[in-house]
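Report on the following structure.
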Amino acid sequence: MSPRRSTHSKAKTRRIVLPNTDDAVNPHASLTGGSTKQIQELIDLLRRNNLTELEFEREGIRIRVRHELAARPLAASVPEPLPTPPQQSTYSASSAISVADTSAGFVTVASPIVGTFYRSPSPDADPYVEEGDSVRKGQVLCVVEAMKLMNEIESEVDGRLVRILVENAKSVEYGQALFLIDPKAAS
Amino acid sequence: MSPRRSTHSKAKTRRIVLPNTDDAVNPHASLTGGSTKQIQELIDLLRRNNLTELEFEREGIRIRVRHELAARPLAASVPEPLPTPPQQSTYSASSAISVADTSAGFVTVASPIVGTFYRSPSPDADPYVEEGDSVRKGQVLCVVEAMKLMNEIESEVDGRLVRILVENAKSVEYGQALFLIDPKAAS
Amino acid sequence: MFKKVLVANRGEIALRVIRACKELGIKTVAIHSEADALGLHVRAADEKVCVGPAESALSYRHIPNVLSAAEITGADAIHPGYGFLSENAHFAEVCESIGIKFIGPSSENIAMMGDKAKAREIVAKRGLPVTPGSPGELRSEEDALQAAQKIGFPVIIKATAGGGGRGMRVVNKADDLSRAFQAAQAEAKSTFGNDGVYLERYFLEPRHIEVQILADQFGRVVHLGERDCSIQRRHQKLVEETPSPAVDDKLRREIGRVAVEAVKAAHYRNVGTVEFLLDKDRQFYFMEVNTRIQVEHPITEMVTGIDLIKEQIRLAAGHPLAIRQQDVALTGHSIECRINAEDPEKFTPSPGVITKYSPPGGFGVRVDSAMESGAAVVPYYDSMIAKLITHGRDRQESVARMKRALGEFVIEGIKTTIPLHRRILEDPDFQKGHVSTTFLERFLAG
Amino acid sequence: MFKKVLVANRGEIALRVIRACKELGIKTVAIHSEADALGLHVRAADEKVCVGPAESALSYRHIPNVLSAAEITGADAIHPGYGFLSENAHFAEVCESIGIKFIGPSSENIAMMGDKAKAREIVAKRGLPVTPGSPGELRSEEDALQAAQKIGFPVIIKATAGGGGRGMRVVNKADDLSRAFQAAQAEAKSTFGNDGVYLERYFLEPRHIEVQILADQFGRVVHLGERDCSIQRRHQKLVEETPSPAVDDKLRREIGRVAVEAVKAAHYRNVGTVEFLLDKDRQFYFMEVNTRIQVEHPITEMVTGIDLIKEQIRLAAGHPLAIRQQDVALTGHSIECRINAEDPEKFTPSPGVITKYSPPGGFGVRVDSAMESGAAVVPYYDSMIAKLITHGRDRQESVARMKRALGEFVIEGIKTTIPLHRRILEDPDFQKGHVSTTFLERFLAG
């Protein structure tokens, strides 16, 4: 869902709007009669020239190039939609939300509840996991305390723990990323 | 007078009608092939002219160029807001505003005052001019009545009267086009 | 006074509460679902916490996540707005138990008034006028038939836990009672998780009149006049006004006194609304007490100058009521139109991105909305996207102003009920103030 | 009542008048220069006429074109707004002569009050308090010296046709008088085409207090309380409020009575504003009468509930004043911040396109503006683009509300004075109500 996307009027012609941001367009999408390479060229053109819109139509030979004044440098005042909504969010008090991070092939472990993040079962105990550790599916990674209850968060994949994203004893929101796991590095 | 103008562009735009399409970009050249070089030329054109939009269509021979007010690298300087500024507007009660209509090479005679348009000096008299007539610079074309005064509107060029744009006894705004004159057809 | 209030709601009412807190110098925490991360109420607050996915049961109505959000942000009070957890006695109780102030009545108040049949009993016992109906919850079909025959047909069966028209059935004759009884029970069960129903006499063309009350914990209660909410579609209010064209000073004093006595009988505190039915003979009957701030509270604010959200917060903080009945002056007339993201003829929801949002302005015009150009109307929640409120020296002026303001209101990209409101305001019956709860049905048919 | 009103102005005041006309059921004609063809006031009106190029002398102030626009559209009255032709006695006279009603005072009223020295004379003759000064226009430098020595230095020289700080000079000692006299004359001549000047005692740290009056053609006059407009930069008001923190009920009655007597002495009719100077010893002195609707009229509307533009139209149409002095109740407190398209520190104009415009809303907030997202602020006219007005039960609430509303107001693409207003509202002296006409100077220096 993208509650605040910049909008465009519905023209009769097919428009290819290429926003000038990094997560622009899937270059593999098939286009009417055009080749991916050609579209990539258009994207590069757009990027190089710091435009905000470039429209091109083949049959009617129509080209439209736009450079928006308020072309705000990357999401300063116009926030990007949502920080990638969990694509398969299975809510449960003790299993994490895992999201495949397509950019690097990592799996993100996100908090399924609101609460306080603890890396160990008690203040004196050792942390459940450290960066670099191998983890197995079902292994407890941390607890999130909510309403005086300790909720254990388990890994949903085998892999290597690449990064711990939250400091110990900090509060976390629903859906907040806690860990990055590299499933390809499963031992 | 049209009550409630419904159209409204988001920003004040200054439209530039390019006098000769060949000077800009030859659309027939290789756009069919989707050559980026052609598009780059358009972009350069956009840049050089500090425009924000440039639209080009071939079938209908249509070029649309946009320069939005706030498009400002030149933000320091004062914007030019007039939609269709009379390029040589010498205001006077009896001389018309003439604007070179480059699209067809005609000169537009516009009303320099607000009032009521009359084609003849009195109800019984013959019209000053008819479509197709040859006119000379200084020749009276019509009167615009304002505040009970009859203001004679003179032609500022020699040429042929191509079109009378307002009906007799209708009210006219400041700057409203009254006649089209073809100066090339001066006898 | 509270230091930090968590607003357990979204949209215009969340923004309304945040605005009041800002003016009182109280910090605010917004909660939001994943669908609302970019909402104006989120940006307006000092802090924000995502409490779950779009489905409200897993976010705005998810008690553990909402309370955890209050805990981790150190909020000392929660404002529930309307809808969601606002009339959830259990939630209010948990708040009380963990020492976070619930900005609203006590959990006992909510539970008592939430049982509509029980509330009628309490009020009737005090000798106040209640719609003729079953003495309490109906235990069986026989019960229902007996009660219906006693008060006479037509009757209306209502869910004891009800609201919003769910679990309601009008019954015109004894033969239809059994089926309607079962249908109402089933709908009540599925909607509210409670199949309790009761019945009342069904009035033809009544007015829906409600009285705003304020009550402190020291037993002082004042009322702020009535609101006429007769223009409804399927029990959803569309246009509200105050004062009611059908209520004169004498009736206002009388109905206000009954409202005050009713809430006193229930030992009610904080803000509340006492709903009445006003029949054609100007008899009025108690229906129920709403234990939350109402959507339509702004029109009462416009004619009294009293900020109801601020009063609600002050009362919840334990302050005594500073307003006395004799200080309450009703000035002029106010109307509210609820602008919904709906097709104005078919009433189908119209979610989407608002490509252009340009609210009306000027004298006597108020807009309560969390929308803006580029905002998305998400399909998961209530379709109301803006409340347009006008105030004038008299009904004629506030109606003229509303027409003017509706004409200025630009919302593009989605469909809204603005065209319907324009038509309603042009209706001769509306202009004369001749409306009842059946007005809209006839209006739409005609 | 009029059938069709031509609004001879632009921007927010044109929209304000059009809104009032719509609410009264009167058709409207907007005029516009070529620079304003897309303005909101143009789209809001029923009809529109382009009256000239951007330069106001050739469009909004071009009498033949404005009157021709009224003629060709069949308008039966012209509302001049403020600025432009609003205080042009000749224009009012021509309107009268051709049978188009000028919505304002008579041309004689305007001419009389436009001569500031003359107006002081008339008021002084009636025994009302006038700032000590020259009895009328100064004929020579000797005249000036004599008058200054009689009332004592410092003195201020003002243009008789003046306004907006033009043609004014403060003189601290006799030696400086000659130069200042000549400079003021020259500036008056170049600004107003009239080199008449007069002088008054110059007060240190006075308050600018003005009283709104309404007068019908039957000699009835009421006042609607005062406005405190002490926060000015170079005689341009920036923040106005009512009631003034410096005026109590007793002073209000007194100053109101003097304002009413002053306009009665001048046989004045329609709306008007009587300006006073209030010194540190709570002595007040008549300064002048403004014969137009003021920019800051909304704050009076907020506390009285009276729509001043509608009253102005009704009075111009010859209706007797329906409001009696005893009916005028001042409820709560109201503030206005003028939002200018200017750098908030350097005050340089900031024309351009507003890329995002999102006005504040909610209870007690009013915005008078003709701006919207995508609108252009053109460099030819006044830089004021919006008036933000709040109302509260008391000064504390309306100030808190103003701070909240300023925080919500989003205008992107150009610079505005919003940050300056936020700072002013945080100032301890402002919060205590300790301000004078020198406040802003010190505030900006400090």
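Please treat every number below as a calculation from the coordinates, not as lab data. All of these numbers come straight from a predicted model, not from anything done at the bench. We place every Cβ from the backbone using ideal geometry, glycine too, and count neighbours over all the protein chains shown.
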Query raised in the report: Over all distinct Cα pairs, what is the inverse of the mean 1/r for segment D:1-99, reported as the Kirkwood hydrodynamic radius in Å?
Result: 13.0 Å
Report summary line: Per residue convex hull volume, Cα only, segment D:316-446, in Å³ is 163 Å³
Query raised in the report: How large is the convex hull of the Cα atoms of segment C:157-248 per residue, expressed in Å³ as a whole number?
Result: 137 Å³
**Report entry** Label geometry 7 Å along the beta-carbon vector: C:HIS267 inter-copy distances in nm
**Finding:** 7.4
Query raised in the report: Taking the label point 7 Å from Cα in the Cβ direction, how far apart in nm is A:LEU165 from each other copy of itself, listed shortest first?
Result: 6.1
Query raised in the report: Placing a label point 7 Å from Cα toward Cβ, how far apart in nm is D:LYS432 from its equivalents in the other copies, listed shortest first to one decimal?
Result: 6.1
Requested in this report: Return the loop-located trypsin sites (Lys or Arg not before Pro) in segment A:139-187 (DSSP other than H, G, I, E, B) with at most 10 other Cβ atoms within 10 Å of their own Cβ; answer none if there are none.
Outcome: A:LYS148
Query - Radius of gyration and Dmax over the Cα atoms of chain C, both given in Å - result: 21.1, 60
Query - Translational diffusion of segment D:291-360, µm² s⁻¹ [Kirkwood Rh, Cα pairs; Stokes-Einstein; 20 °C; 1.002 mPa s] - result: 139 µm²/s
Requested in this report: May I ask for the distance between the Cα centers of segment D:1-62 and segment D:168-236, given as a whole number of Å?
Outcome: 30 Å
**Report entry** Low-density loop cleavage sites - GluC sites (Glu not before Pro) in segment D:1-71, where at most 16 other Cβ are within 10 Å (DSSP)
**Finding:** D:GLU55
Report task. Return the loop-located trypsin sites (Lys or Arg not before Pro) in segment C:124-211 (DSSP other than H, G, I, E, B) with at most 11 other Cβ atoms within 10 Å of their own Cβ; answer none if there are none. Result -> C:ARG139, C:LYS173
Query raised in the report: Using a ≥ b ≥ c from the Cα gyration tensor of segment C:97-147 (square roots of the eigenvalues), is it rounded, prolate or oblate, where a/c under 1.5 gives rounded and otherwise the larger of a/b and b/c decides, a/b for prolate?
Result: oblate
Query raised in the report: Which of the aspartates and glutamates could a cross-linker bridge to A:LYS170, judged by Cα under 14 Å and excluding same-chain residues fewer than eight apart?
Result: A:GLU145, C:GLU71
Report summary line: For segment D:370-435, the Kirkwood Rh over every pair of distinct alpha carbons, in Å, works out to 13.5 Å
Requested in this report: Could you let me know the centre-to-centre spacing of segment C:388-446 and segment C:104-147, using Cα atoms, in angstrom?
Outcome: 35 Å
Report summary line: Counting lysine pairs in segment C:333-441 that sit 8 or more positions apart or on different chains, with Cα atoms under 20 Å apart, gives 7
Requested in this report: Give me the lysines in straight-line cross-link reach of C:LYS118: C-alpha distance below 28 Å, same-chain residues under 8 apart excluded.
Outcome: C:LYS101, C:LYS150, C:LYS158, C:LYS173, C:LYS189, C:LYS237, C:LYS264, C:LYS280
Report summary line: Partner aspartates and glutamates whose C-alpha sits under 15 Å from that of D:LYS125, ignoring same-chain residues fewer than 8 away, are D:GLU261, D:GLU288
Report task. State, as an integer percentage, the relative contact order of chain C based on alpha-carbon contacts under 8 Å between residues 6 or more apart. Result -> 14 percent
**Report entry** For segment C:347-364, Karplus couplings with θ = phi - 60° (6.51, -1.76, 1.60), whole Hz, Gly/Pro x
**Finding:** 6, 7, x, 10, x, x, 9, 7, 7, 9, 10, 9, x, x, x, x, 5, x
Report summary line: Kirkwood Rh for segment C:133-204 from C-alpha pairs, in Å, is 11.5 Å
Query raised in the report: In chain D, which residue puts its Cβ closest to the axis that turns chain D onto chain C, and how many whole Å away is it?
Result: D:SER373, 3
Query raised in the report: Once Rh for segment C:242-370 is found with the Kirkwood sum over Cα pairs, what is the Stokes-Einstein diffusion coefficient at 25 °C and 0.890 mPa s, in µm²/s?
Result: 140 µm²/s
Report summary line: Taking alpha-carbon centroids only, segment D:313-369 lies from segment B:132-187 a number of Å equal to 45 Å
Report task. When a/c is below 1.5 the answer is rounded, else prolate if a/b is larger than b/c, else oblate, so apply that to segment C:48-171 with a ≥ b ≥ c taken from the square roots of the Cα gyration tensor eigenvalues. Result -> prolate
Query - Tensor-based shape of segment B:134-173 (alpha-carbon gyration tensor, a/c under 1.5 rounded, otherwise prolate or oblate) - result: oblate
